[in-house]
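Chemist: Below: one structure in structure tokens.
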């Protein structure tokens, strides 16, 4: 399968890194767009270079609005677009159809071409504006997931909690995985 992974400047870049790792381990093809703010947040929060952790995919510059990924005729060749984490600023741009960078354009194009769009929104608490933007995007066809780990699978580590959320991202596009123990009643 082929996927596009966009990483924005919200807190939560470890989710993007783990999603990237799992998709690569499973043999899927990836295209990558990483915002400058995502790199800054990752560096501040974790003290590491995000791009060094995301090696092995073609990287597209967030400022390159002429990227092939900006075109519907190219994007329809992909199985899904992930925006992980999705900042509330990106959420707003997507909900209102405005494009300030390639990530926004890819999201808008995914919606118009009906390419599955999966957003991992990382913010709390949500304002009424955030909730309205999420509802707008769900109605337009996106899957909106909060970065909310569960506890029914008995997580023991932070990695277990990250894997749960990444597993839910994969579930949204029906990618088989074994990242968490599923609820069995």
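Chemist: Return the residues of the stretch 132-155 that are closer than 26 Å to residue 97 by Cα and exposed (fewer than 12 other Cβ atoms within 10 Å of the Cβ); say none if nothing qualifies. Write out each step before concluding.
Modeler: Restricting attention to the stretch 132-155, the residues satisfying the condition of being closer than 26 Å to residue 97 by Cα are 132-147.
Matches in the stretch 132-155: 139 only.
Chemist: Would you pick out the residues in the stretch 111-127 that are free of Cβ contacts under 8 Å to residues at least 40 places away in the same chain and either in a helix (DSSP H, G or I) or surrounded by fewer than 16 Cβ atoms within 10 Å (Cβ to Cβ) (or both)?
Modeler: If the condition is that a residue be free of Cβ contacts under 8 Å to residues at least 40 places away in the same chain and either in a helix (DSSP H, G or I) or surrounded by fewer than 16 Cβ atoms within 10 Å (Cβ to Cβ) (or both), then 111, 114, 124, 125, 126, 127 are the ones that fit.
Chemist: Sort out for me the strands (runs of 3 or more DSSP E) sitting completely within the stretch 1-73 that have 3 or more residues that are without any contact (Cβ under 8 Å) to a residue 40 or more places away in the chain. Let's see the steps before the verdict.
Modeler: On the way: elements: 2-7, 29-34, 58-60.
Fully inside the stretch 1-73 and qualifying: 29-34.
Chemist: Please verify whether the stretch 109-124 includes one or more residues that are touching a strand residue (DSSP E or B) at 6+ places or on another chain (Cβ under 9 Å), modelled with pLDDT under 95 and closer than 17 Å to residue 39 by Cβ.
Modeler: Yes, the stretch 109-124 contains at least one residue that is touching a strand residue (DSSP E or B) at 6+ places or on another chain (Cβ under 9 Å), modelled with pLDDT under 95 and closer than 17 Å to residue 39 by Cβ.
Chemist: Here is a further query. For the stretch 51-76, give me the residue count where each residue is over 28 Å from residue 113 (Cβ atoms) and either surrounded by 15 or more Cβ atoms within 10 Å (Cβ to Cβ) or more than 19 Å from the chain's Cα centre (by Cα) (or both).
Modeler: Within the stretch 51-76, residues that are over 28 Å from residue 113 (Cβ atoms) and either surrounded by 15 or more Cβ atoms within 10 Å (Cβ to Cβ) or more than 19 Å from the chain's Cα centre (by Cα) (or both) number 1.
Chemist: Which of the residues that make up the stretch 170-185 are touching a helix residue (DSSP H, G or I) at 6+ places or on another chain (Cβ under 9 Å) and either assigned to a helix (DSSP H, G or I) or closer than 22 Å to residue 115 by Cα (or both)?
Modeler: Within the stretch 170-185, 170, 175, 176, 177 qualify.
Chemist: So, in the stretch 156-169, of the ones that are in a helix (DSSP H, G or I) and out of contact with any helix residue (DSSP H, G or I) (no Cβ under 7 Å at 6 or more places or on another chain), which residue ends up surrounded by the fewest Cβ atoms within 10 Å (Cβ to Cβ)? Working first, answer last.
Modeler: Of the residues in the stretch 156-169, the ones in a helix (DSSP H, G or I) are 158-169.
Still in the list and also out of contact with any helix residue (DSSP H, G or I) (no Cβ under 7 Å at 6 or more places or on another chain): 158-161, 164, 167-168.
Numbers: 158: 10, 159: 12, 160: 16, 161: 19, 164: 19, 167: 22, 168: 20.
Selected residue: 158.
Chemist: Turning to a different aspect of this structure: Would you please name the residue that is farthest from the chain's Cα centre (by Cα), looking only at residues in the stretch 82-108 that are part of a helix (DSSP H, G or I), free of Cβ contacts under 8 Å to residues at least 60 places away in the same chain and farther than 14 Å from residue 33 by Cα?
Modeler: That would be 96.
Chemist: Right, here's the next one. Count, please, the residues in the stretch 138-148 that happen to be over 14 Å from residue 85 (Cα atoms), out of contact with any strand residue (DSSP E or B) (no Cβ under 6 Å at 6 or more places or on another chain) and touching a residue at least 12 places away in the same chain (Cβ under 8 Å). Can you show your working first?
Modeler: Restricting attention to the stretch 138-148, the residues satisfying the condition of being over 14 Å from residue 85 (Cα atoms) are 138-142.
Checking the rest, the ones that are also out of contact with any strand residue (DSSP E or B) (no Cβ under 6 Å at 6 or more places or on another chain) come to 139-141.
Then drop every residue that is not touching a residue at least 12 places away in the same chain (Cβ under 8 Å), which leaves 140-141.
Selection size over the stretch 138-148: 2.
The values are calculated or read from the model by the stated rules, or taken from the named source; none is laboratory data. Source: prediction; values computed, not measured. Cβ: placed from backbone, ideal geometry, glycine included. Neighbour counts: every protein chain shown.
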